[in-house]
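**Student:** My questions will all concern the structure given below.
The values are calculated or read from the model by the stated rules, or taken from the named source; none is laboratory data. None of the values given here were measured: they were computed from a predicted structure. Cβ atoms come from the backbone with ideal geometry, glycine included; neighbour counts cover every protein chain shown. Areas reflect the complete protein model, heavy atoms only, side chains present, ligands, DNA and RNA absent. Shrake-Rupley method; radii C 1.70, N 1.55, O 1.52, S 1.80 Å.
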Amino acid sequence: MRKKMKIWTRPQPLLDSQGNGYHGRTIAKRLGISPVISDILWQRGLKEEEIIEFLRPSLLDCPSPFDFKDMAKAVERLVEARQKGEKVLIYGDYDVDGVTSTALLFKVLRDLGIQAITYIPNRMDEGYGLHKEAISKAHQAQVKVIITVDCGITAVEEVDYAKTLGIDIILTDHHEPPEVIPQAMAILNPKMADSGYPFRELAGVGVALKLAQALIETQESEEENPHTLLEIIDLAALGTIADLVPLVGENRVIVAHGLKRMEKTIHLGLATLLEECGLANKPLTARQIAFMVAPRINAAGRMDSPRAGLELLITGDEARAKELARLLSKENTQRQATEKEILAEAIDMLEQEPLPRVIVLSAENWHHGVIGIVASRLVERYYRPVFLIAEEEDIGKGSARGIAGYHVLNELRSHEELMENLGGHSQAAGFSLKKDKISILREALNKSAEKYPESLYYEPVRIEKCISLEELNSDLMEEIEYLAPFGFGNPNPVFAGIKYPLFQADTVGKDQDHLKCYFGNYGEWEGIAFRKGEKLEKIINSSTVDVAFNLSWNNYQGNQHIQLGIRDITSSATWQEDLLLDNEAHREITQGQREVAATQEKFLEVIDWRSKSGEEWRKALQPFGENIRHWDCTRAYPQEVSQEESQEESQEKSQENEKLALISGIPTSLEELKDKLYEWQKIGIQKVFLVEPQGNEDVLRERVRFLSRDDLVQIYRVLYDRAIKNNPFPWDGSGFPKWKAKRSLEIFEELGLLKFLGRKNNSFLLQWFPADQKLDLESSLRFRSGRIRWEELKKFQAEYKFKPWEELEKSILSIHNVG
């Protein structure tokens, strides 16, 4: 095997992009979590409130489906179809994302009385996307509306053709839009610049879920009994995990709640498939879904027809469900064998000559339904962008997989003149081209790859914490489990062990292709490295090794112990500064550290006008003009604005006058004030005026999102009274500020008192669960954070109002840059 260069990258400095300090211990204390967890999440770019949302994902935090600018049009058209008795075709895709999208919408539309039918193109005969032939068949079947799921954003001609036949297209997709967009009746795609939706990383099934949610929320008849949001979210979780979208933001909420729901799913086919995989009645993880459940559904679409996977998810027949689940397992076994054959052929091709920067391989006998998986295996093996092409007569059907920093779709688009079709994402794409263009594409991709530095092809192993063997215990495992579900965009943390004693190592598995190691003086800690059996000869004579690893539980034969999931193992690791930071950003942070250190004894000039009335300080400020930055801390959410005159006037004054800034109201904390002053100092602000240190208590409470016990008791009683009369029930939060109503529901959700089922007529639809024991409010991260931040704010408010500036300045300079 050709040598693949791996570079270990050290944890990033715990500073923000401005070089400001990280108050990790403070956050850990406020939330009652380990500094290990707060450090990891801060390094991943999360601030305190985002850490709370990450650790306690809530459906209440998901945007409204009507944030999509075309959602109302889509819902209106489907309601019209129901009223007129028109047929609606759900046009899907053959991967798990497309199949689950189709099944989810089919169930909801049927529940709502809409005449829904489904169609998924055959990968072998038709290929990806919306096709004119299928549209013609739909027209003959008197279909009036087509909803595309997980496809359609490139189907310009096809949508125009449908319009000539009198068919309206509702396009739901999540792929990158091209320059020319189809003229569909409604487009729901979060990657559209003007989609209106704030989260752009939804999977195709995530978009389908939002359409289903909008339809459920706008149903008018009380006699209808559609699935609730919670009852379909497990299907959305399955498709989201399988499609390798980042498990952050709304995707994390979908998967976290969906996995819990999946354990007691109401969908017969899904329950049967879980049983076939040996996962029935067990706690589920994203990894199990990704490697055991999803491949079975994918196999049907890859090897034959996706209809078996779709039928399984929508069937109500128990015997048929078992038959289909067994069929999918059989198809998956066949897929694995085919994948293994193609992989062996591809490796043999590559070993014959020097490894190129970009791998482009093709063959006549390759199954184009499997080459995407093989491409991923080759990326894992060689860490190169991979383009595999199955030659079929005069056409090549290809699948591409990328590496960090290499955007496969953009690279294909830069050679669009060679393509027949293409589409996809930054790290995965599908394409087709004439067979005689394959060699040209190979040469073109490798030529354009010369613009990238050699370091791009060094696989980064991003270490989040260095740790000793003695620290690997059950307490650490419990902390790590708070970060799940893991997946693309939210990886299981990678730890580094330096000079671990290697007690024993050997290859295991049917083909001896896995590496098993025991670490410690007596082999107390066990590790497994899948598909890394070749590493044995490189470490077998080493007494100590450097190991990069994840942690997980091994429950073999009922015995639970910690297992290291080895990412890399070597006698001595090669380290480098974090490759995930670009050089310029790293220089800015480093420079920020130097500047902060250099200003410990030197500070910008602060003019203390806190004792002046509003009229007095405004009058005193007039001679300085209006070219001034203003940090307005009188608001619930402090904002910085620049009060500038015309561009020409401000440029003239900036040459004549010093750069000025103003702080009104009360900052949240001394740390927040320090960060703002250092930020201003680095951009050249020379004078800062402090004015009107006043704060409205309700505004300040909202800023730190603090609800007292009395606040919660009051809202608890309102909700309890509603639940006694009718459960589930709607609640519009009337009588309480919006932020208070929502925060209280989030806290009660954390405490297990309620579940959010969706929205209805501008109300929250809630299901209440009476407490069977005394509740511990401190177990809610949201309550605990708000309480402690409120106590800190009240203390700082008194200091900020009355302490002389000289004393505040000393306190600021005493704060450690990294906490």
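**Student:** Let me know the charge dipole size of the chain about its Cα centre in debye, to the nearest 20, where only the beta-carbon of Lys, Arg (+1) and Asp, Glu (-1) is charged. Write down the numbers at each step before the final one.
**Tutor:** Numbers: 104 positive and 129 negative charges, 294 e Å.
Around 1420 debye, computed over the chain.
**Student:** Using only the alpha-carbon atoms, how far is helix 96-111 inclined from the longest principal axis of the chain? Give it as 0 to 90 degrees, nearest 10.
**Tutor:** Value to nearest ten degrees: 80.
**Student:** If you don't mind, another one. Relative contact order for the chain: what is it in percent, counting Cα pairs under 8 Å that are at least 6 residues apart?
**Tutor:** Details: 1446 pairs, mean separation 98.8, N = 819.
Rounded, it is 12 percent for the chain.
**Student:** Still on this structure: To the nearest Å, what is the center-to-center distance of the range 513-545 and the range 764-809, using C-alpha atoms only?
**Tutor:** What the calculation gives is 48 Å, centre to centre.
**Student:** Can you send over the solvent-accessible area of M5, 1.4 Å probe, protein chains only, in Å² to the nearest 10?
**Tutor:** Result for M5: roughly 70 Å² accessible.
**Student:** Of the listed pairs K132/K397; K6/K499; K612/K742; K612/K795, which have alpha-carbon separations greater than 29 Å here?
**Tutor:** Details: K132/K397 19 Å; K6/K499 18 Å; K612/K742 38 Å; K612/K795 22 Å.
Table pairs above 29 Å Cα-Cα are K612/K742.
**Student:** Sorted by accessible area (1.4 Å probe), largest first, how do K687, K434 line up?
**Tutor:** Numbers: K687 35, K434 75 Å².
From most accessible down to least: K434, K687.
**Student:** Quick check on packing: order 352-359, 328-335 by the mean number of other C-beta atoms within 10 Å, highest mean leading.
**Tutor:** Details: 352-359: 14.1, 328-335: 18.6.
Ranked from most to least packed, the peptides come out as 328-335, 352-359.
**Student:** Here's something else I'd like to know. Using only the alpha-carbon atoms, how far is helix 738-750 inclined from the longest principal axis of the chain? Give it as 0 to 90 degrees, nearest 10.
**Tutor:** For 738-750 against the chain, the angle is about 60 degrees.
**Student:** Quick one: which of K451/K682; K687/K801; K676/K794; K47/K282 span more than 28 angstrom between C-alpha atoms?
**Tutor:** Numbers: K451/K682 34 Å; K687/K801 20 Å; K676/K794 20 Å; K47/K282 33 Å.
Too far apart for the 28 Å limit: K451/K682; K47/K282.
**Student:** To check you understand DSSP bridge types, tell me what percent of the beta bridges within the chain (both residues inside) are antiparallel, rounded to 5.
**Tutor:** Roughly 55 percent of the beta bridges in the chain run antiparallel, per DSSP.
**Student:** What are the trypsin sites (Lys or Arg not before Pro) within the range 492-564 that DSSP puts in a loop, where the Cβ has at most 12 other Cβ atoms within 10 Å? Present the calculation step by step, with values, prior to reporting the outcome.
**Tutor:** On the way: sites: K499, K510, K516, R531, K532, K535, K538; in loops: K510, R531, K532.
Sparse-neighbourhood loop trypsin sites (Lys or Arg not before Pro): K510.
**Student:** How high is the FRET efficiency from K435 to I498, r the C-beta distance, R0 41 Å, rounded to 0.05? Can you show the working numbers first?
**Tutor:** Details: r = 51 Å, r/R0 = 1.25.
Rounded to the nearest 0.05, the efficiency is 0.20.
**Student:** Ignoring ligands, DNA and RNA, please state the percent of accessible area on the chain from carbon and sulfur, probe 1.4 Å. Display every interim value, and only then the final one.
**Tutor:** Numbers: 17310 of 37240 Å².
Using a 1.4 Å probe with all protein chains present, the chain comes out at 46 percent carbon and sulfur.
**Student:** Same structure again: Mind checking the angle between helix 805-814 and the chain's longest principal axis? C-alpha axes, 0 to 90 degrees, to the nearest 10.
**Tutor:** 40 degrees
**Student:** What is the range 338-400's relative contact order, in percent, from Cα pairs under 8 angstrom and six or more apart in sequence?
**Tutor:** Reported as a whole number, the value is 35 percent.
**Student:** Whole angstrom only: what separates the Cα centroid of the range 248-307 from the Cα centroid of the range 106-168?
**Tutor:** 26 Å
**Student:** How many nm is it between the label spots at Q560 and F736, if each spot is 7 Å from the Cα in line with the beta carbon?
**Tutor:** 3.5 nm
**Student:** Largest first, how would S611, S780 line up by accessible area (1.4 Å probe)?
**Tutor:** I get S611, S780, largest accessible area first.
**Student:** Is there a pair in K137/K163; K260/K755; K107/K210; K619/K674 whose C-alpha atoms are over 21 Å apart, and which pairs would that be? Intermediate results must be reported in sequence, preceding the final value.
**Tutor:** Numbers: K137/K163 14 Å; K260/K755 12 Å; K107/K210 14 Å; K619/K674 27 Å.
Too far apart for the 21 Å limit: K619/K674.
**Student:** To the nearest 10 Å², what's R618's accessible area with a 1.4 Å probe?
**Tutor:** For R618, solvent-accessible area is about 130 Å².
**Student:** How far is the Cα center of the range 372-399 from the Cα center of the range 466-489, in Å?
**Tutor:** Between the Cα centre of the range 372-399 and that of the range 466-489, the gap is 34 Å.
**Student:** Which whole-number percent gives the relative contact order of the range 443-513, counting Cα pairs below 8 Å spaced six or more residues apart? The partial results should precede the final answer.
**Tutor:** Values: 29 pairs, mean separation 26.6, N = 71.
It comes to 37 percent, rounded to a whole number.
**Student:** Also: Based on the mean of other Cβ atoms within 10 Å per residue, sort peptides 281-288, 400-407 so the most packed one is first.
**Tutor:** On the way: 281-288: 15.9, 400-407: 20.5.
So the peptides 281-288, 400-407, ranked by packing, come out 400-407, 281-288.
**Student:** Next question. On a 1.4 Å probe surface of the protein chains, which of W631, W739 comes out largest in accessible area, and what is the full order? All intermediate terms of the calculation are to be shown ahead of the outcome.
**Tutor:** Details: W631 15, W739 45 Å².
Sorted by accessible area, descending: W739, W631.
**Student:** If we sort 231-239, 132-140, 48-56 on the protection proxy, mean other Cβ atoms within 10 Å, highest first, what's the order? Intermediate results must be reported in sequence, preceding the final value.
**Tutor:** Values: 231-239: 28.4, 132-140: 15.7, 48-56: 18.9.
Peptide ranking by packing, descending: 231-239, 48-56, 132-140.
**Student:** Here is a further query. Solvent-accessible area of R77, probe 1.4 Å, all protein chains present, reported in Å² to the nearest ten, please.
**Tutor:** Counting only protein heavy atoms, R77 exposes about 20 Å² to solvent.
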